[in-house]
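Following: one structure in structure tokens, then a few remarks.
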Amino acid sequence: MQDALVGNLVDNRYQVQSRLARGGMSTVYLATDQRLERDVALKVLHPHLADDPQFLDRLGREAKAAARLSHPHVVGVLDQGEDGRIAYLVMEFIKGHTLRDVLNDKGALSPRLALALIDPVVEGLGAAHAAGMIHRDIKPENVLIADDGRIKLGDFGLARAISSSTSTGALIGTVAYISPELVLGKQADARSDIYSVGIMLYEMITGRQPFDGDVPIQVAYQHVNSTVEAPSLAVPGLATEIDELVQWCTDRDPDKRPVDGSALLSELRHIRTNLSDAELDLQPPAAVRSPLPAVAAPPSRPPGGTGPASDAQDVRDAQETAYVPPPTELPTEMYGSLARPTETISRTSGNPTTVMSGAPRRPAYGPLSTPDEAAYGAAGYDDDPVEVAAAPSKRVQRKLDRDEEKARQRAAATPTKTLHEGNPRRRGLLWIVLLVVAALLAAVAGWFFGMGPGSPGTIPPVANKTVAQAQDLLRTAGFQSIVKDVFDDNVSPGLVVGSEPKAGEVIRKFQPVSLAVSKGPQLFPLPDLTGKTLDEAKAALNGAKMALGPITETFDEKAPAGTVLAMAPRSGNPVRHGTPVGLTVSKGPQPIPVPDVRGQEQRAAVDALQGAGLKAVVAPEQVNDKNVPKGAVVAQDPASGNLTRGGTVTLTISKGPKLVEVPSFIGKQAKEAKEALEALGFKVQVDEILGGFFGTVRDQFPVDTSVPEGSLVTLTVV
């Protein structure tokens, strides 16, 4: 069925070309921005949302926040508005396909490909989290892969706006990827997005989602009460680090997940760097390339697809975002396990203890330490106690077994008896020296890592402060800083934009902190558009990433119609990208109405034409005219219409009426005389004497002379 919106103009700007996809909250169209002449993705909300004023207000705020998020791996929000009952979002159009299309085509992916595809998604998500934004609907359908290889995360802000406009307890999100805290009606934060990323990574590696069910509520129940199994159970031989990464992200307790996208990104890249080629290129078995569960979100049409979606596609796409009932409608027993404290084993005693820690959980790389302990300290992981389940999982037990085997091998390689016994007193003295040195080293190390430059510290917030204020805060916290200048559209010049590492991160105090100081917005010179056609000016503005401002048309005697006469701001002025540039465009020479000077004396007619800005030309030949006196204008060419300034009007001058000989009709009958005179063009007046009884012309005036055509001839009749 033809979509009524296809072919129409939305908000007098966006020409709808075709429908791309239809979901549970909106319909997405391919449209052309008439002002900037570029293709965009137009997301039109369904009427039940567009009719809610509170929702539209919330959507506007979320759209503005999303528009401020400029990142190469996040789909840009370009515009938002309403046109009658149509509420819409305008987003960057990505021609290509989605991650869902990749999974449908390839099934399970190799670890190398899966980690490469998820890396830009997590990077974009980290930028959003740093800006205070939460996505809430991470899924393969929202990961867009352009034809040129760019990967972007789309649909920021819409799920948040909708969740804020629904009734308390209702859930918005795709049930296959929704986090347990959202199912339980709790507040979502960055860690909820991390959970969805973990579910998506599991699906990319195994080719299927970890939970399935006949109805969405069954899947939601499993998110709350079940643990995501290690992907290696479906893909034998998979690296332990990838198992730990997935289970770290998908822990049911948000406090045990990465705190945000940036924390996950650093660990993700650490794993990619340290895995061997064999581990990265492991090919999943064909068995895992099975169809997706019935409740999985169906694939949406790729954002670069052409033509409208079919009706069947509409039905499937409507299931993309699920509305899950409030938690009070779920069985109460599903929450029991969530209220119990985590049972752990203390590092020192090995006895079970109860730890209720809000710190992020470290991946289980080992019972005591990791190959890169400093890296974990910088990311803000706790060192003591290390939380290990009272009944260790298989992945942890395998790691413990490997460490124990390595310890036995090192012990077996250590000699138990020397070939030369040596002096016992000397050996005792040597041991004392070694113990003293060891004690000193331990004391120095304790001071260095406990109170000195190696001790951990939290980066204080320094955004929007002067450089001096920021450096004082860092020095007070024990950090040294370096300054670098950056462009920023929102922070005033001279103030700190932020720090690297970011505020709130825990690092060692000897590590330098970089302060990004705003130089103000980055400005770009405007190209000179004067003298160009309007189409050429629009193309130049688009290439310079500037917006087209108001267009003013004016007459110009020299510039052809459609030529740019002026621009504001003027060329060469440095401005931000996206600045509207107003254009003054020529309408060509101004048309001048031709005045009618017929009947006017020649000199007066010429003056009137010249006064109007036209040129008067007198025809060389004059003509007789009985109605126009001699020396007056009898005709002009053109007689009406419009000319441009300097146009020519040709004037024909009258010689007056021509002279005609008046014959004598004295003695002839009056009737005959009158008819003959009128035939010659004269006017005839008959004066009768004594009633004109005989009808004979007794006298005539004028007679036998030449007079102007049309003159009056008087006949006296008796």
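Computed quantities for the displayed model
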| read-out | value |
| --- | --- |
| Qualifying residue in the stretch 646-662 (condition: among the β-branched types (V, I, T), within 23 Å of A605 (Cβ to Cβ), touching a residue at least 24 places away in the same chain (Cβ under 8 Å) and surrounded by fewer than 15 Cβ atoms within 10 Å (Cβ to Cβ)) | yes |
| Identity of the residue in the stretch 193-216, buried (at least 24 other Cβ atoms within 10 Å of the Cβ) and among the polar types (S, T, N, Q), that ends up nearest to the chain's Cα centre (by Cα) | S196 |
| Candidates I205, I242, I199 - the one that is modelled with pLDDT of 95 or more, under 20 Å from H129 (Cβ atoms) and touching a Pro at 6+ places or on another chain (Cβ under 9 Å) | I199 |
| Counted residues, the stretch 674-688 - those being in a helix (DSSP H, G or I) and either in contact with a strand residue (DSSP E or B) (Cβ under 8 Å, 6 or more places away or on another chain) or touching a residue at least 40 places away in the same chain (Cβ under 8 Å) (or both) | 3 |
| Filter result (assigned to a loop (DSSP other than H, G, I, E, B) and either in contact with a Gly (Cβ under 9 Å, 6 or more places away or on another chain) or crowded, with 20+ Cβ neighbours inside 10 Å (or both)) within the stretch 217-229 | V228 |
| Residue tally, condition modelled with pLDDT under 85 and in contact with a strand residue (DSSP E or B) (Cβ under 8 Å, 6 or more places away or on another chain), over the stretch 450-474 | 5 |
| Qualifying residues in the stretch 502-555 (those that are more than 30 Å from A128 (Cβ to Cβ) and in a strand (DSSP E or B)) - the one farthest from the chain's Cα centre (by Cα) | T554 |
| Residues (surrounded by 17 or more Cβ atoms within 10 Å (Cβ to Cβ) and either in contact with a Cys (Cβ under 7 Å, 6 or more places away or on another chain) or of a type in the set (G, A, S) (or both)) located in the stretch 492-514 | G498, S499 |
| Set V506, V581, V517, V564: member being under 30 Å from Q471 (Cβ atoms) and modelled with pLDDT of 90 or more | V517 |
| Pair list, Cβ < 7 Å and 6+ apart or interchain, from the stretch 1-12 residues that are in a loop (DSSP other than H, G, I, E, B) to residues that are of a type in the set (D, E, K, R) and surrounded by 14 or more Cβ atoms within 10 Å (Cβ to Cβ) | D3/R19; V6/R19; D11/D83 |
| Residue match in the stretch 689-701 (condition: among the aromatic types (F, W, Y) and assigned to a strand (DSSP E or B)) | yes |
| Residue match in the stretch 5-19 (condition: crowded, with 18+ Cβ neighbours inside 10 Å, over 13 Å from E82 (Cβ atoms) and of a type in the set (K, R)) | yes |
| Residue, farthest from I666 (Cα to Cα), within the stretch 702-718, restricted to residues that are assigned to a strand (DSSP E or B) and of a type outside the set (S, T, N, Q) | P708 |
| Extreme residue, surrounded by the most Cβ atoms within 10 Å (Cβ to Cβ), among residues of the stretch 459-474 that are part of a helix (DSSP H, G or I) and of a type outside the set (A, V, I, L, M) | Q471 |
| Matching residues in the stretch 96-142 - criterion: being under 19 Å from the mean Cα position of the chain (by Cα) and closer than 18 Å to L268 by Cα | P120, V121, V122, E123, G124, L125, G126, A127, A128, H129, A130, I138 |
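Residues are listed down the side, and each one gets a yes or a no for (1) among the small types (G, A, S); (2) closer than 21 Å to H577 by Cα; (3) buried (at least 16 other Cβ atoms within 10 Å of the Cβ):
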{"residue": "A50", "(1), (2), (3)": "yes, no, yes"}
{"residue": "L59", "(1), (2), (3)": "no, no, yes"}
{"residue": "K64", "(1), (2), (3)": "no, yes, no"}
{"residue": "V74", "(1), (2), (3)": "no, yes, yes"}
{"residue": "V77", "(1), (2), (3)": "no, yes, yes"}
{"residue": "R85", "(1), (2), (3)": "no, no, no"}
{"residue": "H97", "(1), (2), (3)": "no, no, yes"}
{"residue": "R100", "(1), (2), (3)": "no, no, yes"}
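The values are calculated or read from the model by the stated rules, or taken from the named source; none is laboratory data. Predicted model only: the values in this text are computed from it and were never measured. With ideal geometry, Cβ positions are generated from the backbone for all residues, glycine too; neighbour counts draw on all protein chains shown.
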